[in-house]
Amino acid sequence: PLANLLEGLQKSSEETLRHSVAVGFVAPMIARKMNWTRKETLEKLSLGGLLHDIGEKELRPETKSKPRAEWTFEEVKEYESHPYRGMMILASLKNIPEDIIAMVYEHHENSMGQGFPRKLWDSKVHPLARVVAVANTFCELILASNLNPVPLSPEDAVNHIEKLMGQPFNKEAFNALKKLIHDGLPHKKIA
(Lines give C-alpha, C1' and ligand atoms only; values in the text may rest on other atoms or scores of the structure.)
Protein backbone atom coordinates (compact mmCIF):
# COMPACT_ATOMS: atom_id res chain seq x y z
CA PRO A 1 0.00 0.00 0.00
CA LEU A 2 2.84 2.48 0.77
CA ALA A 3 4.29 2.02 -2.71
CA ASN A 4 0.85 2.79 -4.17
CA LEU A 5 0.61 5.94 -2.06
CA LEU A 6 4.01 7.15 -3.22
CA GLU A 7 3.05 6.40 -6.81
CA GLY A 8 -0.11 8.42 -6.26
CA LEU A 9 1.97 11.35 -5.03
CA GLN A 10 4.17 11.14 -8.09
CA LYS A 11 1.13 11.03 -10.38
CA SER A 12 -0.36 14.03 -8.61
CA SER A 13 2.48 16.27 -9.82
CA GLU A 14 6.23 16.59 -9.72
CA GLU A 15 5.76 19.71 -7.55
CA THR A 16 3.65 17.81 -5.01
CA LEU A 17 6.19 15.02 -4.84
CA ARG A 18 9.12 17.44 -4.41
CA HIS A 19 7.24 19.39 -1.74
CA SER A 20 6.19 16.21 0.10
CA VAL A 21 9.74 14.87 0.19
CA ALA A 22 10.94 18.23 1.55
CA VAL A 23 8.31 18.26 4.32
CA GLY A 24 9.17 14.66 5.16
CA PHE A 25 12.80 15.78 5.55
CA VAL A 26 12.25 19.08 7.41
CA ALA A 27 9.60 17.92 9.92
CA PRO A 28 11.89 15.50 11.80
CA MET A 29 14.70 18.09 11.77
CA ILE A 30 12.33 20.54 13.50
CA ALA A 31 11.38 17.83 15.99
CA ARG A 32 15.04 17.17 16.80
CA LYS A 33 15.45 20.89 17.59
CA MET A 34 12.50 20.40 19.98
CA ASN A 35 14.59 17.65 21.63
CA TRP A 36 12.31 14.92 20.36
CA THR A 37 14.62 11.96 19.97
CA ARG A 38 12.43 8.84 19.89
CA LYS A 39 13.22 7.02 16.67
CA GLU A 40 9.57 5.99 16.18
CA THR A 41 8.39 9.60 16.53
CA LEU A 42 10.93 10.90 14.02
CA GLU A 43 10.03 8.11 11.58
CA LYS A 44 6.31 8.94 11.92
CA LEU A 45 7.05 12.62 11.28
CA SER A 46 9.02 11.72 8.19
CA LEU A 47 6.27 9.49 6.84
CA GLY A 48 3.52 11.93 7.84
CA GLY A 49 5.40 14.73 6.11
CA LEU A 50 5.86 12.63 3.02
CA LEU A 51 2.17 11.69 2.86
CA HIS A 52 0.62 14.96 4.10
CA ASP A 53 -0.60 16.01 0.63
CA ILE A 54 -1.76 12.56 -0.55
CA GLY A 55 -5.30 13.95 -0.83
CA GLU A 56 -4.14 16.30 -3.60
CA LYS A 57 -4.07 13.36 -5.98
CA GLU A 58 -7.87 13.63 -6.07
CA LEU A 59 -7.90 17.31 -7.05
CA ARG A 60 -8.62 18.32 -10.62
CA PRO A 61 -5.38 19.07 -12.51
CA GLU A 62 -6.79 22.37 -13.83
CA THR A 63 -7.23 23.62 -10.25
CA LYS A 64 -3.69 22.79 -9.26
CA SER A 65 -2.22 24.30 -12.41
CA LYS A 66 -3.77 27.75 -11.89
CA PRO A 67 -2.17 30.41 -9.70
CA ARG A 68 -3.92 30.54 -6.32
CA ALA A 69 -5.01 34.15 -6.88
CA GLU A 70 -7.08 32.99 -9.87
CA TRP A 71 -8.97 30.23 -8.06
CA THR A 72 -12.74 30.45 -7.89
CA PHE A 73 -14.56 29.94 -4.60
CA GLU A 74 -15.31 26.37 -5.68
CA GLU A 75 -11.63 25.73 -6.45
CA VAL A 76 -10.61 27.05 -3.03
CA LYS A 77 -13.12 24.69 -1.40
CA GLU A 78 -11.84 21.81 -3.55
CA TYR A 79 -8.25 22.54 -2.49
CA GLU A 80 -9.25 22.86 1.17
CA SER A 81 -10.78 19.38 0.97
CA HIS A 82 -7.41 17.67 0.34
CA PRO A 83 -6.60 17.07 4.05
CA TYR A 84 -9.95 15.30 4.50
CA ARG A 85 -9.47 13.36 1.27
CA GLY A 86 -5.98 12.32 2.42
CA MET A 87 -7.29 11.23 5.80
CA MET A 88 -9.96 9.11 4.10
CA ILE A 89 -7.41 7.51 1.77
CA LEU A 90 -5.16 6.54 4.67
CA ALA A 91 -8.03 5.47 6.94
CA SER A 92 -9.13 3.00 4.25
CA LEU A 93 -5.78 1.18 4.46
CA LYS A 94 -4.75 -1.35 7.06
CA ASN A 95 -1.99 -0.68 9.57
CA ILE A 96 -1.64 3.07 9.02
CA PRO A 97 -0.93 4.57 12.48
CA GLU A 98 -3.44 7.11 13.79
CA ASP A 99 -0.57 9.60 14.21
CA ILE A 100 0.09 9.55 10.45
CA ILE A 101 -3.62 10.00 9.68
CA ALA A 102 -3.79 12.94 12.12
CA MET A 103 -0.81 14.66 10.47
CA VAL A 104 -2.41 14.32 7.04
CA TYR A 105 -5.79 15.59 8.29
CA GLU A 106 -4.45 18.49 10.38
CA HIS A 107 -1.44 19.81 8.44
CA HIS A 108 -3.27 23.02 7.47
CA GLU A 109 -4.54 23.81 10.96
CA ASN A 110 -2.84 26.57 12.95
CA SER A 111 -2.59 27.64 16.56
CA MET A 112 -5.03 30.53 16.11
CA GLY A 113 -7.89 28.36 14.84
CA GLN A 114 -7.79 29.91 11.36
CA GLY A 115 -6.62 26.85 9.44
CA PHE A 116 -8.61 24.21 7.64
CA PRO A 117 -10.47 21.90 7.40
CA ARG A 118 -11.72 22.14 11.03
CA LYS A 119 -10.30 25.47 12.33
CA LEU A 120 -8.73 23.77 15.34
CA TRP A 121 -6.88 25.74 18.01
CA ASP A 122 -3.32 24.74 18.93
CA SER A 123 -4.27 22.62 21.94
CA LYS A 124 -6.63 20.53 19.79
CA VAL A 125 -4.10 19.86 16.98
CA HIS A 126 -2.17 16.59 17.21
CA PRO A 127 1.40 17.34 18.45
CA LEU A 128 3.00 15.76 15.35
CA ALA A 129 0.62 17.68 13.06
CA ARG A 130 1.80 20.95 14.65
CA VAL A 131 5.32 20.18 13.46
CA VAL A 132 4.20 19.12 9.96
CA ALA A 133 2.09 22.31 9.66
CA VAL A 134 5.16 24.50 10.23
CA ALA A 135 7.33 22.36 7.94
CA ASN A 136 4.63 22.44 5.25
CA THR A 137 4.38 26.23 5.15
CA PHE A 138 8.15 26.64 5.34
CA CYS A 139 8.66 24.27 2.39
CA GLU A 140 5.90 25.99 0.40
CA LEU A 141 7.83 29.24 0.77
CA ILE A 142 11.32 27.96 -0.09
CA LEU A 143 10.43 25.75 -3.09
CA ALA A 144 9.46 27.12 -6.48
CA SER A 145 6.05 25.94 -7.64
CA ASN A 146 3.07 27.03 -9.67
CA LEU A 147 1.64 28.53 -6.50
CA ASN A 148 4.97 30.08 -5.48
CA PRO A 149 6.96 31.12 -8.57
CA VAL A 150 9.50 33.15 -6.54
CA PRO A 151 10.83 31.05 -3.66
CA LEU A 152 12.30 32.66 -0.57
CA SER A 153 15.56 31.87 1.15
CA PRO A 154 15.14 29.83 4.35
CA GLU A 155 15.88 32.96 6.44
CA ASP A 156 13.35 35.05 4.49
CA ALA A 157 10.76 32.28 4.78
CA VAL A 158 11.08 32.28 8.58
CA ASN A 159 10.77 36.09 8.61
CA HIS A 160 7.73 35.86 6.30
CA ILE A 161 6.02 33.38 8.65
CA GLU A 162 6.85 35.48 11.70
CA LYS A 163 6.20 38.99 10.43
CA LEU A 164 3.82 38.82 7.47
CA MET A 165 1.77 35.82 8.56
CA GLY A 166 1.81 36.81 12.23
CA GLN A 167 3.40 33.48 13.23
CA PRO A 168 0.18 31.45 13.36
CA PHE A 169 1.84 28.15 14.28
CA ASN A 170 2.65 26.28 17.47
CA LYS A 171 5.27 28.41 19.22
CA GLU A 172 7.54 25.53 20.22
CA ALA A 173 7.57 24.10 16.68
CA PHE A 174 8.12 27.52 15.08
CA ASN A 175 10.93 28.40 17.49
CA ALA A 176 12.56 25.07 16.67
CA LEU A 177 12.35 25.93 12.95
CA LYS A 178 13.96 29.33 13.66
CA LYS A 179 16.75 27.62 15.59
CA LEU A 180 17.21 25.10 12.78
CA ILE A 181 17.61 27.89 10.22
CA HIS A 182 19.79 29.99 12.52
CA ASP A 183 22.07 27.03 13.23
CA GLY A 184 22.15 26.16 9.53
CA LEU A 185 20.50 23.41 7.56
CA PRO A 186 22.64 20.26 7.22
CA HIS A 187 23.43 20.90 3.54
CA LYS A 188 25.24 24.11 4.47
CA LYS A 189 27.58 22.18 6.76
CA ILE A 190 28.30 19.53 4.13
CA ALA A 191 29.15 21.97 1.35
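The values are calculated or read from the model by the stated rules, or taken from the named source; none is laboratory data. Remember, it's a predicted structure, so these values are computed and weren't measured experimentally. Neighbour counts run over all protein chains shown; Cβ positions are idealised from the backbone, glycine included. The protein model used for the area step is the full one, side chains on, heavy atoms only, and it has no ligands, DNA or RNA in it. Shrake-Rupley method; radii C 1.70, N 1.55, O 1.52, S 1.80 Å.
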With a 1.4 Å probe and every protein chain left in place, tell me how much accessible area Val21 has, in Å² to the nearest 10. 80 Å²
Along Cα→Cβ, 7 Å out, is where each label goes; now give me the distance between the ones at Ser145 and Gln10 in nm to one decimal. 2.0 nm
With a point put 7 Å past each Cα toward its Cβ, work out how far Glu58 is from Lys171 in nm, to one decimal. 3.7 nm
Around Phe25 (Cβ within 13 Å, Cβ-to-Cβ, excluding Phe25; K/R +1, D/E -1) the net charge comes to +1
Heavy-atom accessible area per residue - the stretch 14-155, 1.4 Å, Å²: 49 Å²
At 7 Å along the Cα-to-beta-carbon direction for both Ser92 and Leu164, put a label point, then send me their distance in nm to one decimal. 3.7 nm
Report the accessible area of Lys33, computed with a 1.4 Å probe over the heavy atoms of all protein chains in place, in Å² rounded to the nearest 10. 70 Å²
Can you give me the span-like helices of the chain, meaning DSSP H runs with 27 Å or more of Cα extent along the axis and Kyte-Doolittle mean at or above -0.5? 14-33
Contact order normalised by length for the stretch 45-117, with contacts defined as Cα pairs under 8 Å and 6 or more residues apart; what percent is it? 39 percent
Could you size up the charge dipole of the chain around its Cα centre, putting +1 on the beta carbon of Lys and Arg and -1 on that of Asp and Glu, and report it in debye to the nearest 20? 520 debye
How about Lys94: which lysines have a C-alpha closer than 25 Å to its C-alpha, ignoring those fewer than 8 places off in the same chain? Lys11, Lys39, Lys44, Lys57
With n ≥ 4 as the cut-off for DSSP H runs, can you work out [θ] at 222 nm for the chain, using -39500 (n - 2.57) per run divided by the number of residues, rounded to the nearest 500? -18000 deg cm²/dmol
Probe radius 1.4 Å, ligands and nucleic acids ignored: give me the carbon and sulfur share of the accessible area of the chain as a rounded percent. 57 percent
If only Cα atoms are counted, what is the Rg of the chain, and what is its Dmax, in Å? 15.6, 45
Please turn the phi angles of the stretch 152-157 into ³J(HN,Hα) values with the Karplus equation 6.51 cos²θ - 1.76 cosθ + 1.60 (θ = phi - 60°), one per residue in order, whole Hz, x for glycine and proline. 9, 5, x, 5, 5, 5
